[in-house]
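Everything below concerns the one structure shown next.
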Amino acid sequence: MSQASQRVFSGVQPTGNLHLGNYLGAIKRFVAMQSSHECIYCVVDLHAITQDRSVWGGPEELARSTREVTAAYLASGIDPAAHIVFNQSQVAAHSELAWIFNCVARVGWLNRMTQFKDKAGKNRENASVGLYAYPNLMAADILAYRATHVPVGEDQKQHLELTRDIAQKFNIDMADACTEAGYPDGFFPLPEPLITGPATRVMSLRDGDKKMSKSDPSDLSRINLTDDADTIAKKIRKAKTDPDALPESMEALKGRPEAANLLGLFAALQDATLETVLPQFAGRQFSELKQALADLAVEKLSPIAGEMQKLMASQDHIDAILKDGAERANAIAEPVMADVRRIMGFVR
């Protein structure tokens, strides 16, 4: 399979304000992949409801957040005509295939998923079944389109490994039926991760050891994609640092999480590597890095915030894009599901 024919699937949850971590870790990469891959980009609203309503906000907030993620996709440069942009709940294949995968995946596999442990915390007995089975739905999201590649952050690599395990077990368990259906090598591909470039894991501006998160109670911990220029500059000025001058080597950067985070953010926004950015600031004070980072962040993010604001004022336009994308996504997923039903022996 040539690179041009590789199919990428990925999605972003609509659970509150999008931030710089979402942009650098996901959306910016989505934009870059458009030139080399067939791309399907989803707003994963079914995933959003796996946690308590206090997290996803209820019906009005979910609808608003779904449109906001779509606006961020478009404002960042994703082309909904050349590629597919839709929200997950509009394509029934996701839910149908997720149930089949609930019956393929093993409880022991899910028990190893660290993200469930992190999100459920000490309250595991009161967590939803949806949160526990979330990785099976993620597998269905990918495999309903027989996607070959998935851009993932470090925290999602484990889920992608599970997706590969589910695909492989399905192929082995149903080998005879797959062969009869015309797939002697197995029906589902084993999708590969795409993890490239700096800042795949963006950390909090208030604690370089914690991931940047919309759930952090301090708004100073993150840069929201809707922040204006003054707010972006203020948050970067207030970012946590250490007392030493900036390091001169990658080795000296170890054990300095705040320095690594701010330099990594600069590198990612500049489309550079940490190794090439480090000499620009070696031996200098954090204040100089913060000023340069603030200027760069404002330059890169302010146009996105402005375009998002315009798009959010045109709800019908966003909804039309999601509807068109869902129809095109369903045109890919439904033939896949027809084969899955035939392989499983479901009478239609």
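The values are calculated or read from the model by the stated rules, or taken from the named source; none is laboratory data. Note that the structure is a prediction, hence the values are computed from the model and not measured. Using ideal geometry, Cβ is built from the backbone for each residue, glycine included, and neighbour counts are taken over all protein chains shown.
Worth a mention:
- Every residue from the range 286-326 that is without any contact (Cβ under 8 Å) to a residue 24 or more places away in the chain and of a type in the set (Ser, Thr, Tyr): 287, 314
- Some residue of the range 266-279 being surrounded by 13 or more Cβ atoms within 10 Å (Cβ to Cβ) and under 18 Å from residue 85 (Cβ atoms): no
- Residues in the range 197-252 that are of a type in the set (S, T, N, Q) and over 14 Å from residue 301 (Cβ atoms): 200, 204, 213, 215, 218, 221, 241, 249.
- Single residue of the range 82-124 satisfying the filter (closer than 26 Å to residue 215 by Cβ and β-branched (Val, Ile, Thr)) that is surrounded by the most Cβ atoms within 10 Å (Cβ to Cβ): 85
- The residues of the range 163-185 that are part of a loop (DSSP other than H, G, I, E, B) and in contact with a Gly (Cβ under 9 Å, 6 or more places away or on another chain) amount to a single one, 174.
- Here residue 326 clears all of (1) over 23 Å from the mean Cα position of the chain (by Cα); (2) in a helix (DSSP H, G or I); (3) of a type outside the set (D, E, K, R) except the condition numbered (1).
- Residue within the range 126-149 that is at pLDDT below 95, of a type outside the set (A, V, I, L, M, F, W, C), touching a helix residue (DSSP H, G or I) at 6+ places or on another chain (Cβ under 6 Å) and over 17 Å from residue 46 (Cα atoms) present: no
- Filtering 240, 310, 300, 290 for residues that are more than 30 Å from residue 81 (Cα to Cα), of a type outside the set (Gly, Ala, Ser) and assigned to a helix (DSSP H, G or I) leaves a single hit, 290.
- Single residue of the range 142-176 satisfying the filter (of a type in the set (Val, Ile, Thr) and touching a residue at least 60 places away in the same chain (Cβ under 8 Å)) that is nearest to residue 333 (Cα to Cα): 142
- Summed over the range 2-51, the residues that are over 21 Å from residue 66 (Cα atoms) and assigned to a strand (DSSP E or B) give a count of 2.
- With respect to (1) aliphatic (A, V, I, L, M); (2) touching a Lys or Arg at 6+ places or on another chain (Cβ under 7 Å); (3) closer than 30 Å to residue 119 by Cβ, the lone exception for residue 232 is condition (2).
- Only a single criterion out of (1) surrounded by 13 or more Cβ atoms within 10 Å (Cβ to Cβ); (2) charged (D, E, K, R); (3) over 26 Å from residue 139 (Cβ atoms) is not satisfied by residue 316, namely (1).
- Residue, surrounded by the fewest Cβ atoms within 10 Å (Cβ to Cβ), within the range 16-33, restricted to residues that are under 19 Å from residue 318 (Cβ atoms) and over 12 Å from the mean Cα position of the chain (by Cα): 17
- Scanning the range 52-89 for residues that are assigned to a helix (DSSP H, G or I) and of a type in the set (D, E, K, R) returns 53, 60, 61, 64, 67, 68.
- Flag for residue 252 being among the small types (Gly, Ala, Ser), at negative phi and assigned to a helix (DSSP H, G or I): yes
- Within the range 125-141, tally of residues that are acidic (Asp, Glu) and either in contact (Cβ under 8 Å) with a residue 12 or more places away in the chain or crowded, with 22+ Cβ neighbours inside 10 Å (or both): 1
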